[in-house]
Amino acid sequence: QVQLVESGGGLVQPGGSLRLSCAASGSIYSILLMGWYRQGPGKQRELVAHITSADVTNYADSVKGRFTISRDSAKNTVSLQMNSLKPEDTAVYYCNVNLRRGLHSVPNDYWGQGTQVTVSS
């Protein structure tokens, strides 16, 4: 079993900041990719940012320069620092981890339960 526990969502005013965190635990052999997706009202889920095991990062154009993804490989955690938040950033944010549960296992995706981020005055 693998569990992903997210924290850090909430209500913030435009221009404010929030930090999301996600901790992966359970039967984990190696983590290949960690990232964040979001799903706004009436929208499809979209990639926000991800970071590879080599610390290569990728961001959606809409968040570049405002969001920063980071990870702690020793703790199996990934964080998303969100600055200069806009109302259009309002969404449920989901942690995503691609990992192997064993040396010869096929990598699989795991998802957190989601955390609400609301940007409003």
**Report entry** Pairs with Cβ under 7 Å, 6+ apart, first in the stretch 19-36 and more than 13 Å from Ser7 (Cβ to Cβ) and in a loop (DSSP other than H, G, I, E, B), second among the hydrophobic types (A, V, I, L, M, F, W, C) and open to solvent by less than 40 Å² (accessible area, probe 1.4 Å)
**Finding:** Ser27/Val2; Ile28/Val2; Ile28/Leu99
Requested in this report: Taking Ser105 as meeting all but one of (1) more than 19 Å from Gln3 (Cβ to Cβ); (2) touching a residue at least 12 places away in the same chain (Cβ under 8 Å), write down the number of the exception.
Outcome: (1)
Report summary line: Exactly one of Arg19, Arg66 is open to solvent by less than 40 Å² (accessible area, probe 1.4 Å), among the charged types (D, E, K, R) and at negative phi, and that residue is Arg66
Report summary line: Here the residues within the stretch 32-63 that are of a type in the set (Val, Ile, Thr) and either touching a Gly at 6+ places or on another chain (Cβ under 6 Å) or open to solvent by 30 Å² or more (accessible area, probe 1.4 Å) (or both) are Thr52, Val56, Thr57
Query raised in the report: Which of the residues belonging to the stretch 33-62 are aliphatic (A, V, I, L, M) and in contact with a Lys or Arg (Cβ under 7 Å, 6 or more places away or on another chain)?
Result: Met34, Val48, Ile51
Query - Restricting the stretch 22-31 to residues that are at negative phi and of a type outside the set (S, T, N, Q), the residue that is most open to solvent (accessible area, probe 1.4 Å) - result: Tyr29
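For the subset of the stretch 85-121 comprising residues that are in a loop (DSSP other than H, G, I, E, B), polar (S, T, N, Q) and farther than 11 Å from Tyr29 by Cβ, which member is most open to solvent (accessible area, probe 1.4 Å)? Can you show your working first?
From the stretch 85-121, those in a loop (DSSP other than H, G, I, E, B) are 85-86, 90, 101-107, 112-114, 120-121; that's our starting set.
Retained after the next criterion (residues that are polar (S, T, N, Q)): 90, 105, 113, 120-121.
Retained after the next criterion (residues that are farther than 11 Å from Tyr29 by Cβ): 90, 113, 120-121.
Details: Thr90: 32, Gln113: 113, Ser120: 59, Ser121: 128 Å².
Selected residue: Ser121.
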Query - Residues located in the stretch 1-16, provided they are within 13 Å of Asp89 (Cα to Cα), open to solvent by less than 30 Å² (accessible area, probe 1.4 Å) and not aliphatic (A, V, I, L, M) - result: Gly10, Gly16
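The values are calculated or read from the model by the stated rules, or taken from the named source; none is laboratory data. Bear in mind the structure is a predicted one, so any value in this text is a computation, not a measurement. Every residue, glycine as well, gets a Cβ built from its backbone with ideal geometry; the counts of neighbours run over all protein chains shown. The area values use the complete protein model at the heavy-atom level, side chains included, leaving out ligands, DNA and RNA. Shrake-Rupley method; radii C 1.70, N 1.55, O 1.52, S 1.80 Å.
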